[in-house]
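These notes are about the structure you will find just below.
The values are calculated or read from the model by the stated rules, or taken from the named source; none is laboratory data. Just so it is clear, the structure is predicted and the values come from calculations on it, not from any experiment. Using ideal geometry, Cβ is built from the backbone for each residue, glycine included, and neighbour counts are taken over all protein chains shown. We work out accessible area using only protein heavy atoms, side chains counted, and drop any ligands, DNA or RNA first. Shrake-Rupley method; radii C 1.70, N 1.55, O 1.52, S 1.80 Å.
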Amino acid sequence: MNVRNIVLDKYGAKVYKNRKEHIIEINEETKQQPIAANTRSIPGIMTNRGCCYAGCKGVVLGPLKDVLVLTHGPIGCGFYSWGTRRNKAKPQDGRNFIEYCFSTDLQESDIVFGGEKKLRQAIKEAIEIFNPKCIMICSTCPVGLIGDDIHAVAAETEREYGISCMAFSCEGYKGVSQSGGHHIANNTLMKKVIGTGDAEPTKKFTINILGEYNIGGDGWEVERILKRIGYEIITIFTGNGSYETMKNAHMANLNIVQCHRSINYIAEMMKTKYGVDWIKVNFIGLDAIKQSLRDMATYFGDKELMERTEAVIADELANIAEEKEYYYSKLKGKTAAIYVGGSRSHHYQNLLADFGVKTVLAGYEFAHRDDYEGREVIPTIKEDADSKNIEHLEVTKDEQKYHAYLTEEQYEELKTKIPLEQYGGMIKTMDDNSIVVDDLNHFETEEFVKLLKPDMFFSGIKDKYVLQKAGVYSKQLHSYDYSGPYAGFNGAINFARDVTMGLYTPAWGLVTPPWKNKSTLKAKLVGG
Ligand code: CFM
Ligand code: HCA
């Protein structure tokens, strides 16, 4: 049965032509094919995607606890993006701005006559009441349309009040998804925050954690493990993160990157500007955690660090061994579908595999082609970062650009000796006959569920209840359904416990999807 074609065949010609490029049924041949990604959703199709503002304000900047993030726009965007993404933060110096919703609440007259005056007034009030060290202004759609100059207001604020103020033109309509917003946020953090501090690290092995947003406390579990091993964490982008610590990010020896989709820009820009190397890690799933910790220790090449890493791995695994076995016995042989934003759909396959669950369908909302297909990167050559003679080389593959500190000749020579590293890529890790779908829509979700009958479906708030009403256990992998952490060793057990509870609840026996008893409208018309 070619499940992909059965679903695609239900479309009219125009939609078929578009969607067929976004869906792959995995086999040896299709694994090598390109997949369409990071392109515009078809108007009228129910997509789960968000907007540029969501990516900039909601995802990257929102978690910064000592920054007063001010939404310039009508109240809806500010209000809806307040507290809906489950990034957690502990107060710093007694403050935690993420508990507040700051917005200029633009009204019709501001849209007609301009909103800059109101923005200035909002900043004045915010400074009087909260006295922040840093304000970040984020625009929503109408601000771009009426042309308020938020950058000029930010510069004025810095002059007038002597605090840091940055503006982000992240109007929702820009680009095709959240992804454009990540880019806008990162560019400004790179330009105006990173590198402006001078606090010296105190330990030998110093790192930044990139792409860890502390959803459900994930970042705290990762920090716990890394601190046990002996790492000093300079800053985290951006879960439980802060403007104050981010200023010193360039002081770290190494960047470790958990979510690559939202933050690869900073890792690559810091490599170019400050020579800070980066490696990809994954703290979701036991094998992946082990591998990541070992890769980090290998990077530093310190014998003692390697030994401590092994000791911590052994101890952490021993602590969870009994529970792991129990949950494995409850979950093995089950099947799952995963559809999340840009990295978890891949990462969580590792964690599910730890408990014997096979992923039969996976997709990303807004990932780029390299997240699906992988990409080639030049292995890190540490000495080159400091050398004055070395030129900057950009290697281009498809739409992606890669940076390396090598001359052309060095690069050519290197290529013959060391193969380019294959980096990332969900498709090549998936089994034959599984399905990969980019920008999965609600129609396809229902169709694939009927055909593949997964035991569980991991996604977000927009489709959770559609799935549950169809009798399929559905769990939110964005918000973890208000549980967590799921990262790290202890997180793996929390996840398995929650999934086991969800799957074994007697509620499923009581759900009767409406179409089981009642004829549908179509059936009535045909059948009379
Ligand atoms: Fe990265 Fe994320 Fe994700 Fe993402 Fe998101 Fe998120 Fe996500 Mo929701 S940064 S790409 S833009 S791992 S908010 S913490 S859960 S879609 S898969
Ligand atoms: C976003 C945030 C989101 C939405 C989650 C969901 C999150 O993309 O704007 O749709 O359930 O993780 O909070 O991805």
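Pairs please, first residue from the stretch 464-482 and closer than 17 Å to P506 by Cβ and within 16 Å of ligand 1 (Cβ to nearest atom), second anywhere and in a helix (DSSP H, G or I) and hydrophobic (A, V, I, L, M, F, W, C), Cβ atoms under 6 Å, 6+ apart in sequence or on different chains.
Sorted first by the residue in the stretch 464-482, then by its partner, the pairs are S474/L467.
Tally up the residues in the stretch 13-43 that are open to solvent by less than 80 Å² (accessible area, probe 1.4 Å), assigned to a loop (DSSP other than H, G, I, E, B) and either closer than 30 Å to C170 by Cβ or within 16 Å of ligand 1 (Cβ to nearest atom) (or both), please. Steps first, answer last, please.
Kept after step one, since they are open to solvent by less than 80 Å² (accessible area, probe 1.4 Å), are these residues of the stretch 13-43: 15-16, 18-20, 22-27, 30-31, 33, 35-39, 41-42.
Add one more test, that the residue is assigned to a loop (DSSP other than H, G, I, E, B), and what stays is 26-27, 33, 35-39, 41-42.
Checking the rest, the ones that are also either closer than 30 Å to C170 by Cβ or within 16 Å of ligand 1 (Cβ to nearest atom) (or both) come to 35-39, 41-42.
Within the stretch 13-43, residues that are open to solvent by less than 80 Å² (accessible area, probe 1.4 Å), assigned to a loop (DSSP other than H, G, I, E, B) and either closer than 30 Å to C170 by Cβ or within 16 Å of ligand 1 (Cβ to nearest atom) (or both) number 7.
List the number of the failed condition for V59; all other conditions in (1) touching a His at 6+ places or on another chain (Cβ under 7 Å); (2) open to solvent by less than 20 Å² (accessible area, probe 1.4 Å); (3) in contact (Cβ under 8 Å) with a residue 60 or more places away in the chain hold.
Unmet condition: (2).
Mind listing whichever residues of the stretch 284-312 are in contact with a strand residue (DSSP E or B) (Cβ under 8 Å, 6 or more places away or on another chain) and surrounded by 20 or more Cβ atoms within 10 Å (Cβ to Cβ)?
S292, M296
Between K65, K10, K90, which is within 30 Å of E223 (Cβ to Cβ), open to solvent by 40 Å² or more (accessible area, probe 1.4 Å), assigned to a loop (DSSP other than H, G, I, E, B) and more than 16 Å from ligand 2 (Cβ to nearest atom)?
Result of the check over K65, K10, K90: K90.
Could you tell me whether the stretch 500-516 includes any residue that is under 25 Å from the mean Cα position of the chain (by Cα), under 30 Å from I313 (Cα atoms), crowded, with 21+ Cβ neighbours inside 10 Å and at pLDDT 95 or above?
Within the stretch 500-516, none of the residues are under 25 Å from the mean Cα position of the chain (by Cα), under 30 Å from I313 (Cα atoms), crowded, with 21+ Cβ neighbours inside 10 Å and at pLDDT 95 or above.
Which is within 16 Å of ligand 1 (Cβ to nearest atom), of a type outside the set (S, T, Y) and at pLDDT below 95, of H346, H368?
H368
Do we have any residue at all in the stretch 105-116 that's open to solvent by 10 Å² or more (accessible area, probe 1.4 Å) and in contact (Cβ under 8 Å) with a residue 60 or more places away in the chain?
Looking for residues that are open to solvent by 10 Å² or more (accessible area, probe 1.4 Å) and in contact (Cβ under 8 Å) with a residue 60 or more places away in the chain, one finds none in the stretch 105-116, hence no.
Could you identify the single residue in G181, G239 that is in contact with a Cys (Cβ under 7 Å, 6 or more places away or on another chain) and under 27 Å from C165 (Cα atoms)?
On inspection, the qualifying residue turns out to be G181.
What are the residue pairs meeting all of these: first residue in the stretch 326-355, first residue free of Cβ contacts under 8 Å to residues at least 12 places away in the same chain, second residue part of a helix (DSSP H, G or I) and away from ligand 2 (no atom under 13 Å from the Cβ), Cβ atoms under 9 Å, and 6 or more apart or on different chains?
What qualifies is Y326/A496; Y326/T500.
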